[in-house]
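This report concerns only the one structure given below.
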Amino acid sequence: MNTLFASVPLSFFSDLGQQFYDDFILKDRYQYIIRGLGNTVLLTLVAVVIGVVLGTVVALVRITHQNNPKKLRVLNGICGLYLTVIRGTPVVVQLMIMVYLILSSGETLLVAMLAFGINSGAYVAEVIRSGIQSVDRGQIEAGRSLGLSNRTTMIKIVFPQALKNVAPAIFNEFIALLKETSIAGYVGVQDLTKGGDIIRSITYDAFLPLFLIAGIYLVLVILLTSCLSGLERRLRKSDKR
Amino acid sequence: MISVKNLEKTFHTEGGDILVLKGINQEIQKGEKVVVVGPSGSGKSTFLRCLNLLEMPTGGEVWFEGRQINAPNCNVDQLRRKMGMVFQHFNLFPHLTVQQNITLAPITLKLKTQKEADEKAIQLLNRIGLADKAQAYPAQLSGGQKQRIAIVRALAMEPDVMLFDEPTSALDPEMVGEVLQVMKELAKEGMTMVVVTHEMNFAREVATRILFMDDGQVLEEAKPAEFFDNPKNPRLRDFLSKVL
């Protein structure tokens, strides 16, 4: 015990109040956390929207091509390349390539949104594709046999069932994305993690800022998870016997 | 009403091409109840599915109400409105209530207003004694109930012909009767029907003509009495000796 805490000065706990004051109150330093939180949430939300739109388009291209190999051959090839490259390289590398090479003159936060959105889209695409393919073929046949067009059958019959199948997986992707954005500080985006880090660099106290931001991430994830279970309960309405 | 000329269907698989239908010629008149029987793999379901193009024929012609439906310029969706289909596995839409299952197509295709479609749905449900299930979801129903609802879902489109693809094969034995009962009533009302089934008693009772298919061909066709009491084709005799 003694050796374990040897490096912690006795005054540590008694100084906690003073440290809290230095870390967050003095010179309005809590603003780093607030602004960081705002950026993290904004970054995640925009990336999610880009990811879902991009993922849906890619999934539709790949399914259309799979059902009829003559259609969209070039587009399907591009989508395949996109999935392979994005899923085969680390997101932090993608982020740096976007910020330092491809869109180096742009606003960093906007570029980061784009980078995370493009990254997320690749994962969402595969989730949506598997969701659409999990719907029984008989459902499409039933829709078509009633005289509904292929498009209407997809919109009215296949998508609602696919959505129900993939909602948990997509939501998990959002949660993962929220945590993943913590690397945005790497390219200078002042997100939540970076906010805590800035305070640490000013006050030389790592303890309170790190645990505070960890706590904030945890609360956000718990909130999202409870949203997810609410959503699942609503989607299960038609399963009750 | 339906005219099939030298219909052929080949499935292209990795193991090579499989010729499932080897030239079928049929004329189905308005009001006829044609029952198709035969061993598994004989092509009877494929034949039925070629009639509304769920399978695209690879040869021959299919005509419906004076139009060739497997021609490139034919609007398939338009023609399917007039051909109801009932599947072996019901294929009700699990995310919709029973009533929504029935009204989805008429409303989406703007054939009826919401109100008209709802009234028609209730009327159809009353007819099969399931009006109390209008707001239930398919998962809450028995197999027999699901299949009866699948039948009225097709009827809600007011089709000119009904195609049945082994409608009782996936049912518990005790539920077969209630589905056949609905089909018999439909037959009595004069609906043109093409039924693929293993229910020989239904065939004997309802059919105006029975086709025996094996190996992608129609080997024998006859009225029920002739078909069961005086089968000519040796393959049919063998088949009947096993199933009767």
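The values are calculated or read from the model by the stated rules, or taken from the named source; none is laboratory data. All values derive from a computational prediction rather than experimental measurement. Heads up, the Cβs are rebuilt from the backbone with ideal geometry, glycines too, and the neighbour counts pull from every protein chain shown. What goes into the accessible areas is simple: the full protein's heavy atoms, side chains included, and nothing from ligands, DNA or RNA. Shrake-Rupley method; radii C 1.70, N 1.55, O 1.52, S 1.80 Å.
Of the residues making up the stretch B:136-150, those that are in a helix (DSSP H, G or I), in contact with a Pro (Cβ under 9 Å, 6 or more places away or on another chain) and either surrounded by fewer than 21 Cβ atoms within 10 Å (Cβ to Cβ) or within 10 Å of another protein chain (Cβ to nearest Cβ) (or both) are B:138, B:139, B:150.
Taking the stretch B:121-135 as the range and being open to solvent by 30 Å² or more (accessible area, probe 1.4 Å) and within 14 Å of chain A (Cβ to nearest Cβ) as the test, the residues that pass are B:133, B:135. Within the stretch B:207-230, the presence of at least one residue that is within 23 Å of residue B:160 (Cβ to Cβ), in a loop (DSSP other than H, G, I, E, B) and touching a Phe, Trp or Tyr at 6+ places or on another chain (Cβ under 9 Å) is confirmed. Being open to solvent by less than 50 Å² (accessible area, probe 1.4 Å) and modelled with pLDDT of 80 or more holds for only one residue in A:88, A:80, and it is A:80. Among the residues of the stretch B:96-111, the ones that are surrounded by fewer than 21 Cβ atoms within 10 Å (Cβ to Cβ) and either at the interface with chain A (Cβ under 9 Å from one of its Cβ atoms) or closer than 25 Å to residue B:65 by Cα (or both) come to 7 in all. The stretch B:26-109 holds helices (runs of 4 or more DSSP H) entirely within its bounds, and those carrying 2 or more residues that are within 19 Å of residue B:167 (Cβ to Cβ) and in contact (Cβ under 8 Å) with a residue 40 or more places away in the chain map to B:44-51, B:98-108.
Checking each residue in the stretch A:117-166 for being among the hydroxyl-bearing types (Ser, Thr, Tyr), assigned to a helix (DSSP H, G or I), surrounded by fewer than 21 Cβ atoms within 10 Å (Cβ to Cβ) and more than 10 Å from every other protein chain (Cβ to nearest Cβ) picks out A:123, A:130.
If you check A:121, A:147, which single one turns out to be of a type outside the set (Ser, Thr, Tyr) and without any contact (Cβ under 8 Å) to a residue 24 or more places away in the chain?
Result of the check over A:121, A:147: A:147.
Is it the case that residue B:43 is modelled with pLDDT of 90 or more and either farther than 20 Å from residue B:87 by Cβ or charged (D, E, K, R) (or both)? Considered against the rule, which asks whether it is modelled with pLDDT of 90 or more and either farther than 20 Å from residue B:87 by Cβ or charged (D, E, K, R) (or both), residue B:43 comes out as no. Within the set B:166, B:199, the sole residue that is under 12 Å from the mean Cα position of the chain (by Cα) and either crowded, with 18+ Cβ neighbours inside 10 Å or modelled with pLDDT of 95 or more (or both) turns out to be B:166.
For the stretch B:110-129, the set of residues classified as part of a helix (DSSP H, G or I) and of a type in the set (Lys, Arg) consists of B:115, B:120, B:127, listed by residue number.
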